[in-house]
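The values are calculated or read from the model by the stated rules, or taken from the named source; none is laboratory data. As the structure is a prediction and not an experimental result, all values here were calculated from the model. Using ideal geometry, Cβ is built from the backbone for each residue, glycine included, and neighbour counts are taken over all protein chains shown.
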Amino acid sequence: MARYKDEQCRICRREGQKLFLKGSRCYSDKCSISRRNYAPGQNGQKKKKLSEYGTQLREKQKTKAFYGVGEKQFRKYFQMASSSKGKTGEVLLQILESRLDNVVYRLGFASSRAQARMQVTHGAFEVNGQKVDIPSYLVKPGDVIALREIRKDNGAIKMSLEETASRPVPAWLEKDAEKVSGKVLAVVAREEIDLPVEEHLIVELYSK
């Protein structure tokens, strides 16, 4: 799948807000938004008024960046949400939150979603006792996600666990820090998703 290869901080500056793409750096004074809160490029400091379409497009691009998802996969998730019961926008966010890489990040087992995606791809985690190396794997209530025993001595993972030890875990997840495991308790509710996303704009964009 094609993936954005540019400097991650440029994405945040383009959207005008923190997307927390670089883990602990985003919480420090080194964050680009804290130092240069304007779009990248020579015309970045000029204020541009977006059209209705432009506003909807930026919201979609921002949401894709949050979760590290490409256009083809994002559209697939939207189609899944459209054919499901409930509000399409909310269901779309629930699907994105159910991705294994996002759950690993939410549990505090990685400092960023990008790092969580890499760890999952390298086979560091298992779901219900079975190794899963697909970041887009969708977990469901009752699933148990755990760091595989052979990975518990990995230096990079140990460092990530130390960095995220104090990060709060969402109510729809249960974390066992000692065992480096977590359980999905329920489908995430919209009010539990703390990302600044206006999903109705995405629905409007795809409905045209």
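List of remarks:
- Residue count for region 135-158, restricted to those that are hydrophobic (A, V, I, L, M, F, W, C) and surrounded by fewer than 12 Cβ atoms within 10 Å (Cβ to Cβ): 1
- Qualifying residue in region 185-202 (condition: in the same structural domain as GLY54 (by TED's automatic domain parsing), crowded, with 18+ Cβ neighbours inside 10 Å and more than 16 Å from the chain's Cα centre (by Cα)): yes
- Filter result for GLN73 (assigned by TED's automatic domain parsing to the domain that holds PRO135, in contact (Cβ under 8 Å) with a residue 24 or more places away in the chain and over 18 Å from LEU195 (Cα atoms)): no
- Members of region 76-91 found to be within 21 Å of VAL120 (Cβ to Cβ) and not hydroxyl-bearing (Ser, Thr, Tyr), listed by number: LYS76, MET80
- When VAL91, VAL132 are screened for being in the same structural domain as PRO168 (by TED's automatic domain parsing), at negative phi and either β-branched (Val, Ile, Thr) or surrounded by 14 or more Cβ atoms within 10 Å (Cβ to Cβ) (or both), only VAL132 passes.
- Taking residues in region 178-199 that are on the phi < 0 side of the Ramachandran plot, and partners anywhere that are exposed (fewer than 13 other Cβ atoms within 10 Å of the Cβ) and among the aliphatic types (A, V, I, L, M), the pairs with Cβ atoms closer than 7 Å and at least 6 places apart or on different chains are GLU192/ALA171.
- Summed over region 138-175, the residues that are on the phi > 0 side of the Ramachandran plot and part of a helix (DSSP H, G or I) give a count of 0.
- Some residue of region 114-137 being closer than 17 Å to LEU195 by Cβ and not in a helix (DSSP H, G or I): no
- Checking each residue in region 136-171 for being touching a residue at least 40 places away in the same chain (Cβ under 8 Å) and in contact with a Leu (Cβ under 8 Å, 6 or more places away or on another chain) picks out SER136, LEU138, VAL139, PRO141, ILE145, ILE157, VAL169.
- Options GLY142, GLY129, GLY108, GLY155; residue that is within 19 Å of the chain's Cα centre (by Cα) and not polar (S, T, N, Q): GLY108
- In the set ALA165, ALA177, ALA156, ALA189, only one residue is over 18 Å from TYR67 (Cβ atoms) and at pLDDT 90 or above; that residue is ALA177.
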